[in-house]
Amino acid sequence: EAGVVQSPRYKIIEKKQPVAFWCNPISGHNTLYWYLQNLGQGPELLIRYENEEAVDDSQLPKDRFSAERLKGVDSTLKIQPAELGDSAVYLCASSRLAGYGHTQYFGPGTRLTVL
Amino acid sequence: QKEVEQDPGPLSVPEGAIVSLNCTYSNSAFQYFMWYRQYSRKGPELLMYTYSSGNKEDGRFTAQVDKSSKYISLFIRDSQPSDSATYLCAMSADASKIIFGSGTRLSIRP
């Protein structure tokens, strides 16, 4: 079974530029998560999708961040414009459902550097 | 104060030693407790998952939860160099939204 796929693995941009990250979850997983991981910190949830619906986006900075999950499979996370403080690893995870007993499987992440 | 506190380490022990990793938390609503392992440049992977208080053993790994003290532990027996990684504790009130600790960097010396 293929794992969670993310691309690109690394991205370097200048501040004020837009950037987008793509995630393909494990086949059959209805729940998709985007996390932000700063250096030396644990992942922090940005947004959770149940199929196409964003059920928890309370931690997503909506002035510059947006996300979509069309057709309930792949997802894209966008930042526009990027700021220096956005430099971090962006992790995507998926699970069959949300809740007890449903393990979240993480992708390798996209490491973003904003110059 | 963070909801979940974890000593960042780094922790360095010789091969074969018993390793103890710990977290404390403040939210009494947490009832699902997890330990993730994260290798460098990789995403976290689930090691152990427990519900409420008690112990759970899986091979060389034992997870303990003490809800009265708001304290959880992960023990690794017969530690191996391949166990060198960052270990993240994580917990949740409803098993859907997970709060992670900051991680402890562990190094096992051959």
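Every read-out reported here was derived from the displayed coordinates using simple, explicitly stated rules and does not represent laboratory data. Small disclaimer: the values here were computed from a predicted structure and weren't measured. Here Cβ is always computed from backbone atoms with ideal geometry, including for glycine, and neighbour counts include all displayed protein chains.
Key figures for this structure:
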| read-out | value |
| --- | --- |
| Point-charge dipole on Cβ atoms (K/R +1, D/E -1) for chain A, about Cα centre, debye to 20 | 320 debye |
| Shielding of B:96-108 by partner chains, average beta-carbon count, 10 Å | 4 |
| Chain B: relative contact order in percent, alpha carbon pairs under 8 Å with at least 6 residues between | 38 percent |
| When region A:28-108 is reduced to its Cα atoms, the Kirkwood hydrodynamic radius in Å | 13.1 Å |
| Percent of alpha-carbon pairs separated by more than 22 Å within chain B | 26 percent |
| Contour minus Cα-Cα distance for A:Glu50 and A:Leu84 (0.36 nm per residue) | 9.2 nm |
| Whole-Å semi-axes of the ellipsoid equivalent to region A:1-71 (Cα gyration tensor, √5λ, descending) | 21, 16, 13 |
| Taking chain A and dividing mean pair separation by its residue count, relative contact order in percent (alpha carbons under 8 Å, at least six apart) | 37 percent |
| Three-way shape call for the protein assembly as shown based on the alpha-carbon gyration tensor, with the a/c threshold at 1.5 | prolate |
| Cα Rg, Dmax, region B:9-48, angstrom units | 13.3, 37 |
